[in-house]
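Notes follow the structure.
The values are calculated or read from the model by the stated rules, or taken from the named source; none is laboratory data. Worth saying up front: this structure is predicted, and the values here are computed from it rather than measured. Counting neighbours? That spans all protein chains shown, and the Cβs are built from the backbone with ideal geometry, glycine included.
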Amino acid sequence: MDFPISPFDGSAQLATRALPDMPQGSELRTPEDVERAAQMFEKLFAGLLVKEMRSTLGNGFFGQGPGSDVFGGWLDEHMGNALCAGRGLGVAEFVRQEMMQKTAPALPQPFNQTE
């Protein structure tokens with residue numbers, strides 16, 4: 001199932017604001033980078049989830065007037081962030097575990113003194 005991102009709805013704004021700051025492949029140098037990427041992914045996912053749910057409302061909260069797509073995008077982003085506050089959705093934890101398994105050999109290992 002393909003969900004295209006239209007430049008005329010809030011999802012394009014949500015994705016373009018989140019993705020440039022998200023660490024990419026070779027930028028995942030520390031566990032903190034992995035955690036940050038997982039948290040950002042969860043926020044993006046939650047925002048897109050809110051957008052899809054809001055699309056079932058017909059005219060939605062802001063009607064069809066000028067700027068309604070921008071306000072809808074802001075609502076999606078802020079509701080998504082609110083969903084991820086606290087315990088979140090659990091997506092970040094799953095993503096973090098998967099990313100740590102895939103990048104563990106490349107990440108610096110903590111220094112352990114055994115003596």
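The set of residues from the stretch 67-82 being within 17 Å of the chain's Cα centre (by Cα) and either surrounded by fewer than 18 Cβ atoms within 10 Å (Cβ to Cβ) or among the β-branched types (Val, Ile, Thr) (or both) comprises 74, 78, 79, 81, 82. Would you confirm whether or not the stretch 56-66 contains a residue that is of a type in the set (Phe, Trp, Tyr), modelled with pLDDT under 90 and surrounded by 13 or more Cβ atoms within 10 Å (Cβ to Cβ)? Yes - at least one qualifying residue is present in the stretch 56-66.
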